[in-house]
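For reference, the structure discussed in these notes is given below.
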Amino acid sequence: MRRFPHSHRKVAVYRDHARMNLEALFLGNRRTISGTVYGTIVVLAAITGSAKAVDPNLWSVAVIAAVTSGLLWVAHVYSHGLGESVTIGRRLTAAELAELARREGAILRAAVLPVFIVVLGALGLFHARTDLWLAVGVGVATLTIQGIRFARLEDLSTAGTIASVGVNLALGLSIVLVKALLTH
């Protein structure tokens, strides 16, 4: 009988890789923190801005938030691609543009969980008001996590970490404040 003495290591490496891929998918990585923060702010603004306008049609809120995030992603990739082309003095290749779109995909991924929560509300799992606050809460939590991640990656001091998280929270909570003012 043949033994595979290192097979347990392969399973552990696979598990670690899968965990890292899930973590990167939802929390981003060093290259995607900015896209995650930007995408979170965009989706929060879309959710809070549309909630009152379509009161309380959560399906409409979900569609508006998803489409807004998608269109802003396209605009971001396009404008960034133009800037890169001008900087390097030539048009980007298809591979370079695809890499740019992939990297900026964090903008789209940041919208997934808040939009999913709104869809759950549209399906009746939550009351509309509760659902919208849950979606906003997830967005604010994402901004907090990204502030902490940035501080750790940059090896910031405690004061720097507080400042990083504070700026992200200020952005997120200003959106919450606007939501509260518009819906009350």
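The values are calculated or read from the model by the stated rules, or taken from the named source; none is laboratory data. Just so you know, these numbers come straight off a predicted model, no measurement behind them. Note that each Cβ is placed from the backbone with ideal geometry, even for glycine, and that neighbours are counted across all protein chains shown.
Here is how the numbers come out for the structure above:
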read-out: First in segment 84-111 and in contact (Cβ under 8 Å) with a residue 24 or more places away in the chain, second anywhere and buried (at least 17 other Cβ atoms within 10 Å of the Cβ) and in a loop (DSSP other than H, G, I, E, B), Cβ under 6 Å, 6 or more apart; value: Ala106/Gly28; Ala106/Thr32
read-out: Flag for Gly137 being farther than 19 Å from Arg30 by Cα and either out of contact with any His (no Cβ under 8 Å at 6 or more places or on another chain) or part of a helix (DSSP H, G or I) (or both); value: yes
read-out: Flag for Gly147 being small (Gly, Ala, Ser) and closer than 17 Å to Gly39 by Cα; value: yes
read-out: Residue within segment 145-164 that is within 15 Å of the chain's Cα centre (by Cα) and within 24 Å of Ala62 (Cβ to Cβ) present; value: yes
read-out: Residues of segment 71-90 classified as within 20 Å of the chain's Cα centre (by Cα) and either among the aliphatic types (A, V, I, L, M) or exposed (fewer than 14 other Cβ atoms within 10 Å of the Cβ) (or both), total; value: 7
read-out: So Gly137, is it surrounded by fewer than 18 Cβ atoms within 10 Å (Cβ to Cβ) and more than 17 Å from Ser34 (Cβ to Cβ); value: yes
read-out: Unique match (being within 28 Å of Leu125 (Cα to Cα), modelled with pLDDT of 70 or more and either among the polar types (S, T, N, Q) or in contact with a helix residue (DSSP H, G or I) (Cβ under 6 Å, 6 or more places away or on another chain) (or both)) among Leu58, Leu72, Leu97; value: Leu58
read-out: Qualifying residue in segment 103-124 (condition: among the basic types (Lys, Arg) and loosely packed, with under 12 Cβ neighbours inside 10 Å); value: no
read-out: Verdict on Ile64 being touching a helix residue (DSSP H, G or I) at 6+ places or on another chain (Cβ under 6 Å), assigned to a helix (DSSP H, G or I), without any contact (Cβ under 8 Å) to a residue 40 or more places away in the chain and farther than 26 Å from Phe150 by Cα; value: yes
read-out: The listed residue being farther than 22 Å from Gly39 by Cα and out of contact with any Asp or Glu (no Cβ under 8 Å at 6 or more places or on another chain), out of Arg152, Arg129; value: Arg129
read-out: So Ser50, is it buried (at least 17 other Cβ atoms within 10 Å of the Cβ), in a helix (DSSP H, G or I) and at pLDDT 95 or above; value: no
read-out: Test set (1) at pLDDT below 90; (2) part of a helix (DSSP H, G or I) - Gly39 fails condition number; value: (1)
